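What follows is one structure encoded as structure tokens, with my remarks underneath.
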């Protein structure tokens, strides 16, 4: 009887924790996206060569970091033999969808050697660029500010 009571208490305590996993996974994906965009900006400034991030929304749900042109992918800093391509809706980000991208109407953001953000047409951003992630009805929006390139969520 004591074991059944302990299991009941454990269930009452643990069940709310499992329901909070969804926002944590979504927040983790958004934080990684912010970090990866900042990484591209950092590379552009330190290497004095344009770097950027190109996005493929749902159903592809991935983004990649490139150097110079979208055809030249940066190597992943943690898996140096792999290109820097992040696939959402798989692994630790299962269920996370990249639902919308609006970088001045385009799908990529590129930084120059001063960290200034540009759109797909190689024009400096004039409006805040946004990338929206979704998981089971919850959304997180990552923003890239014009002029400064400040990345927030």
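Each reported figure results from applying straightforward, stated rules to the coordinates on display, with no laboratory input. Everything quoted here is computed from the prediction, not taken from an experiment. Don't worry about glycine lacking a Cβ; one is built from the backbone with ideal geometry, like all the others, and counts go over all protein chains shown.
For residue 113 and residue 147 in the same chain, what is the full-extension length gain: residue separation times 0.36 nm, less their Cα-Cα distance, in nm? Please report the intermediate quantities before stating the final value.
Working: separation 34, 0.36 × 34 = 12.24 nm, distance 1.28 nm.
Gain in length upon complete extension: 11.0 nm.
What FRET efficiency would be calculated for the residue pair residue 62, residue 127, taking the C-beta separation as r and a Förster radius of 35 Å, to the nearest 0.05?
Calculated transfer efficiency: 0.90.
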Task: Angle between the chain longest axis and helix 21-47 axis [Cα atoms, degrees, rounded to 10] - done: 20
Task: the range 48-153 shape via C-alpha gyration tensor axes, a/c threshold 1.5 - done: oblate
TODO: Determine the calculated [θ] at 222 nm for the chain from helices alone, applying -39500 (n - 2.57) to every DSSP H run no shorter than 4 residues and normalising by the residue count; nearest 500 deg cm²/dmol.
DONE: -10500 deg cm²/dmol
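If I take every Cα pair under 8 Å that is 6 or more residues apart in the chain, average their sequence separation and divide by the length, what percent do I get for the relative contact order? Numbers along the way, then the final one.
On the way: 307 pairs, mean separation 33.5, N = 153.
Over the chain, the number comes to 22 percent.
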Task: Using alpha-carbon coordinates, inclination of helix 2-19 to the longest axis of the chain, degrees - done: 20
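With a Förster radius of 25 Å, plug the Cβ-Cβ distance of residue 82 and residue 47 into 1/(1 + (r/R0)^6) and report the FRET value to the nearest 0.05. Don't skip to the answer; put the middle values down first.
Details: r = 19 Å, r/R0 = 0.78.
Efficiency for this residue pair is about 0.80.
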Task: FRET efficiency, residue 75 to residue 31 (Cβ-Cβ, R0 30 Å, nearest 0.05) - done: 0.90
